[in-house]
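Visitor: This structure is in structure tokens; I'll ask about it shortly.
The values are calculated or read from the model by the stated rules, or taken from the named source; none is laboratory data. Just so it is clear, the structure is predicted and the values come from calculations on it, not from any experiment. We place every Cβ from the backbone using ideal geometry, glycine too, and count neighbours over all the protein chains shown. Note: areas computed on protein heavy atoms with side chains; ligands, DNA, RNA excluded. Shrake-Rupley method; radii C 1.70, N 1.55, O 1.52, S 1.80 Å.
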Amino acid sequence: MNTTTADVSASRPRIFVLDIARVAALLAMAVFHFVFDLEIFGYIALGTTGSGFWRGLAIASAGSFVFLAGVGLWLSHANGIRWAAFAKRLAIILSAAALVSVATYIAFPDSFVFFGILHSIALCSLLGLAVLRLPIVIIALLAVAVFFAPDFAASPAFNAPWLWWTGLQTIQLSTVDYEPIFPWFAAFLAGMAVAKLASRTGYWEQFSTTKTSRTMRVFGFFGRHTLVVYLIHQPILISIVWAATQVLR
């Protein structure tokens, strides 16, 4: 989602490959949520989206958003942290995360989203500032360590609810969306490392453009408004499935 871009301004050159990546992640997310809605309304077997291909699609979609958030943090602050812009963006993400928590608590009180992808991106962004100036190799090694942390650092000491954001607890949690820092910060760090490497090799300049075409405008629109799409797509999809259910049953 477009919570992390340096090219949000229409006056700046757009990096078209990033717009394509954002739209691809949005489409994957929408497909998964549509199947999830079908499961809720009993059109497909319960548990379908929790395993196999659909589980993999959910992980790939969420991982793409977190990865792109890491890319965006570097692109936005490579030449120095722009604190006002960062604070504004963080406030928007936190507000959206709170909205998701409240909405899912109303819909799924026993499995509401208390630390989903928006919550994770917000905290990852804060942590990302601390490693922004580290060498690429160090950031990449940190990504590996964070990814494998749940395998060697999980402990009952993290079972208290106020520590569930870590992902290091040893108990099973009930929530419809959960991206704790360990291991999801790894995707964010990977995005930072790749973005930093791309800057060193001149990739971003090579693929930046001020040219516009109909396709670029479409991708650019969704690239600039992915957070809005993220927030409204599920209410729209579930309304469609609900309406279809009223007609068919």
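Visitor: Using a 1.4 Å probe and counting only protein heavy atoms, arrange VAL131, VAL247 so the residue with the most accessible area comes first.
Guide: Sorted by accessible area, descending: VAL247, VAL131.
Visitor: Continuing with this model, one more query. So how much accessible area does GLU179 have, in Å² to the nearest 10, using a 1.4 Å probe?
Guide: 10 Å²
Visitor: Please report the carbon-and-sulfur percent of the accessible area for segment 31-74; probe 1.4 Å, protein heavy atoms only, DNA, RNA and ligands left out.
Guide: Carbon and sulfur: 74 percent of the exposed surface of segment 31-74.
Visitor: For the chain, what is the calculated [θ] at 222 nm in deg cm²/dmol (nearest 500), taking -39500 (n - 2.57) for each run of four or more DSSP H residues and dividing by its residue count?
Guide: Dividing the helical sum by the residues of the chain leaves -23000 deg cm²/dmol.
Visitor: Moving on to the next point. With every protein chain left in place, what is the accessible area per residue of the chain in square angstrom, probe 1.4 Å?
Guide: 51 Å²
Visitor: Could you order HIS77, HIS33 so the one with the most accessible surface comes first? Probe is 1.4 Å.
Guide: Ranked from most to least accessible, the order is HIS33, HIS77.
Visitor: Given an 8 Å cut-off on Cα distances and at least 6 residues of separation, report the relative contact order of segment 120-249 as a percent.
Guide: 24 percent
Visitor: Here's something else I'd like to know. Under a 1.4 angstrom probe, counting protein chains only, how are ARG217, ARG224, ARG200 ranked by accessible area, largest first?
Guide: ARG200, ARG217, ARG224
Visitor: For LEU57, project a label point 7 Å along Cα to C-beta. Then give me every residue of segment 218-239 with its amide nitrogen under 20 Å of that point.
Guide: Answer for segment 218-239: 229-239.
Visitor: Measure out, as a whole number of angstrom, how far apart the alpha-carbon centroids of segment 22-81 and segment 126-190 sit.
Guide: 18 Å
Visitor: What distance in nm lies between label points placed 7 Å from Cα along the C-beta direction at LYS88 and ARG217?
Guide: 2.5 nm
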